[in-house]
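Visitor: For reference, the structure I am asking about is given below.
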Amino acid sequence: MHGTLDPRSRSSCGVWWNDAPATLKSLTNRENTHIYFLCSKATDPPGRDHGSWIFKCVDEISAVLDQLIKAGVAPERIFLSGHSAGGWASLMAMPMVERKFNAAIVFAPAFAGPRAEAGIYPIWRGEIRPKHVTKMTSFDQVRALVFAYDNDPYNRTAELKFLADRYPDSVQIISSICNMSLPLTGHMTHLKDCQAGATEKAIAEYLEARLAQ
């Protein structure tokens, strides 16, 4: 699942920054491995219910999972993935883990705007994000491989450490930093990954380990 530039309006799924990363697309070289791109229609109502679109994304994910399972795909063969808000929504879908999917592989999960905007829009990082973190850390389990970037203006590894602290046996965070040239930022590292080989290897090993259990 992709992210969004503005939760108040529907994101364009076809723009370049919403593309799935090459490190994930490489999985389709494996036999019987497919990627389903979920084009989200979720938005926040204007001026209220800040952050509610994330839970609408979870509902969209749940509907697709139901379709896949009904078509005969075993839940243990299904992995969620997403970037930015798509990654955050994948993590918020964890109450369905095991029952509807195996685990998640997420890139730069975030949803509450850049850290630099904390003083401009204090409700997002000061109120809404802590509520989401509290909810996420209340789940029985979170099973995920998380790619974090230390030059990410949204969430660096430090801002995602709460996941590994709460779920040390089931959350793996891989931190890296790539020098990005404008218009890219560290948040877009997944699309121009200077450590793509290592990322692909980590994803493949994670899948193999999860499928072997």
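Each value in this text was obtained by applying a stated rule to the coordinates, not by laboratory testing. Bear in mind that the values here come from a model prediction, so they are computed numbers and not experimental data. With ideal geometry, Cβ positions are generated from the backbone for all residues, glycine too; neighbour counts draw on all protein chains shown.
Visitor: How many Lys pairs in the chain lie less than 19 angstrom apart by Cα atoms, where the lysines are 8 or more positions apart or on different chains?
Guide: Qualifying lysine pairs in the chain: 10.
Visitor: Where in the chain lies the longest segment free of GluC sites (Glu not before Pro) that are both loop residues by DSSP (not H, G, I, E, B) and have at most 14 other Cβ atoms within 10 Å?
Guide: 99-213
Visitor: Please list, in order, the residues from segment 14-56 whose amide nitrogen is less than 12 Å from a point placed 7 Å along the Cα→Cβ vector of Ala63.
Guide: 39-43, 56
Visitor: Additional query: Give me the dipole magnitude in Debye, nearest 20, for segment 71-174 about the Cα centre, with unit charges on the beta carbon: positive for Lys and Arg, negative for Asp and Glu.
Guide: Around 180 debye, computed over segment 71-174.
Visitor: Mind listing which trypsin sites (Lys or Arg not before Pro) in segment 1-99 are in a DSSP loop and have 15 or fewer other Cβ atoms within 10 Å?
Guide: Filter output for segment 1-99: Arg8, Arg10, Arg30, Lys41, Arg48, Arg99.
Visitor: Arg115 to Glu208: FRET efficiency via 1/(1 + (r/R0)^6), r the Cβ-Cβ distance, R0 35 Å, to the nearest 0.05?
Guide: 0.50
Visitor: Report the paramagnetic label zone for Ala71: residues of segment 1-18 whose backbone N is under 19 Å from a point 7 Å from Cα along the Cα-to-Cβ axis.
Guide: Hits in segment 1-18 for Ala71 at 19 Å: 1-2.
Visitor: Also: Kindly provide the Kirkwood hydrodynamic radius of segment 35-82 in Å, to one decimal, from all pairs of distinct alpha carbon atoms.
Guide: Here the Kirkwood hydrodynamic radius works out to 12.1 Å.
Visitor: In deg cm²/dmol and to the nearest 500, what is the mean residue ellipticity at 222 nm of the chain if only DSSP H runs of at least 4 residues count, each as -39500 (n - 2.57), divided by the residue total?
Guide: Theoretical 222 nm ellipticity from helices: -9000 deg cm²/dmol.
Visitor: How high is the relative contact order of the chain, given as a whole-number percent (alpha carbon pairs under 8 Å, six or more residues apart)?
Guide: 18
Visitor: Give the shape of segment 27-181 as rounded, prolate or oblate, defined through the alpha-carbon gyration tensor: a ≥ b ≥ c are the square roots of its eigenvalues, a/c under 1.5 means rounded, and otherwise the shape is prolate if a/b is larger than b/c and oblate if not.
Guide: Since a/c reaches 1.5 and a/b is larger than b/c, the shape of segment 27-181 is classed as prolate.
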